[in-house]
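Heads up: the structure comes next, in structure tokens.
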Amino acid sequence: MSARYRLILQRPLQGLAPSLALPELYREQRRIDPLLSWRELPPIRHFVCALDCDEPKGDLLDCWHEADIGCQLVHAILGLIHSDALEFSNRQALLLELYDVSERLDRARFSDNRWHLGLELAFA
């Protein structure tokens, strides 16, 4: 079985796929979360909605998050990586994922778009 997170935006951004796969973020979450709580930020799992949410259900389930908090989260994780607080086996791939997330969330902020992380499981 393999698993990964997906960045899901409430409304698609023009010119980009509706979701973004984040396997490295999923892989490193357990190591990153304690450092986020030390910085008084919620853990990554706080942003995961286990269901495929559409707008009405997402609001009822409190799945959607403001893009600003997502930008804060990504910048905090990037800061941890650049500070060498942890060694990451696949550092470059994680950085690329985070830069993609940052770009999408920056664009989402300007269009008043919200987001959450979805959990995708694949059984082999």
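The values are calculated or read from the model by the stated rules, or taken from the named source; none is laboratory data. Just so we're clear, the structure is a prediction, and the values are computed from it rather than from any experiment. Every residue, glycine as well, gets a Cβ built from its backbone with ideal geometry; the counts of neighbours run over all protein chains shown. For the accessible areas, the whole protein counts, side chains as well, though only heavy atoms, and no ligand, DNA or RNA atoms are used. Shrake-Rupley method; radii C 1.70, N 1.55, O 1.52, S 1.80 Å.
Annotations
- The C-beta contact set for the stretch 1-24 (first residue among the aliphatic types (A, V, I, L, M), second residue buried (at least 17 other Cβ atoms within 10 Å of the Cβ) and in a loop (DSSP other than H, G, I, E, B), distance under 7 angstrom, 6+ apart or interchain) comprises 9/113.
- Within the stretch 75-95, the set of residues being touching a residue at least 24 places away in the same chain (Cβ under 8 Å), assigned to a loop (DSSP other than H, G, I, E, B) and more than 18 Å from residue 20 (Cβ to Cβ) comprises 85, 86, 88.
- The residues of the stretch 75-84 that are small (Gly, Ala, Ser) and surrounded by 14 or more Cβ atoms within 10 Å (Cβ to Cβ) amount to a single one, 76.
- Residue within the stretch 86-93 that is at pLDDT 95 or above and either among the hydrophobic types (A, V, I, L, M, F, W, C) or within 21 Å of residue 13 (Cβ to Cβ) (or both) present: yes
- Residue that is farthest from residue 6 (Cα to Cα) [pool: residues in the stretch 48-68 that are modelled with pLDDT of 85 or more and surrounded by fewer than 16 Cβ atoms within 10 Å (Cβ to Cβ)]: 68
- Any hit, the stretch 96-107, residues being of a type in the set (Lys, Arg) and either in a loop (DSSP other than H, G, I, E, B) or within 18 Å of residue 48 (Cβ to Cβ) (or both): yes
- Members of the stretch 16-40 that are at pLDDT 90 or above and open to solvent by 50 Å² or more (accessible area, probe 1.4 Å): 26, 27, 30, 31, 34, 37, 40
- Residue that is farthest from residue 47 (Cα to Cα) [pool: residues in the stretch 88-124 that are of a type in the set (A, V, I, L, M, F, W, C) and open to solvent by 60 Å² or more (accessible area, probe 1.4 Å)]: 124
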